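Here's the structure, in structure tokens; my notes come after.
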Amino acid sequence: MEKIRTTVRIAGKDYTIASTDSAEYVNRVADWVNGRMEELAAVTNLPATQLAVLVAVNAADDMMKSRDEIRRLKAELDALRHSEAEDADA
């Protein structure tokens with residue numbers, strides 16, 4: 001698949017991102033990052049590089065918690081399916 005180059009603005013700087021995802025999606029991601037940086041900048045006096053690291057840590061935390069929840073839900077679904085199969089066999 002061909003990569004699409006999309007220019008986005010984050011923390012007042014333009015970045016060109018090459019991605020196989022649509023420009024709409026890349027803009028959505030960039031808007032999310034920019035919004036988080038603006039939120040943190042409003043309550044801290046950190047320079048942009050430290051804000052970016054803090055946003056990355058928060059995003060990684062959210063991602064890991066989401067993955068853990070997906071694993072938990074998959075295990076719960078598997079247990080329910082196993083229970084239903086046992087009930088059907090009885």
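Every residue, every condition in (1) more than 28 Å from residue 1 (Cβ to Cβ); (2) of a type outside the set (Gly, Ala, Ser), yes or no:
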residue	(1), (2)
25	no, yes
28	no, yes
39	yes, yes
42	yes, no
47	yes, yes
59	no, no
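Table: residues versus (1) surrounded by 10 or more Cβ atoms within 10 Å (Cβ to Cβ); (2) touching a strand residue (DSSP E or B) at 6+ places or on another chain (Cβ under 7 Å).
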residue	(1), (2)
6	yes, yes
16	no, yes
48	yes, no
51	yes, no
77	yes, no
89	no, no
Test: residue in segment 37-54 that is of a type in the set (Ser, Thr, Tyr), more than 23 Å from residue 8 (Cβ to Cβ) and not in a loop (DSSP other than H, G, I, E, B): no
Members of segment 30-46 found to be of a type in the set (Val, Ile, Thr), open to solvent by less than 70 Å² (accessible area, probe 1.4 Å) and either free of Cβ contacts under 8 Å to residues at least 12 places away in the same chain or at positive phi (or both), listed by number: 44
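The values are calculated or read from the model by the stated rules, or taken from the named source; none is laboratory data. Being a predicted model, the structure only gives us computed values, none of them experimental. For neighbour counting, all protein chains shown are included, and Cβ atoms are generated from backbone atoms with ideal geometry for every residue, glycine included. Heavy atoms of the whole protein, side chains included, go into the accessibility calculation; ligands, DNA and RNA do not. Shrake-Rupley method; radii C 1.70, N 1.55, O 1.52, S 1.80 Å.
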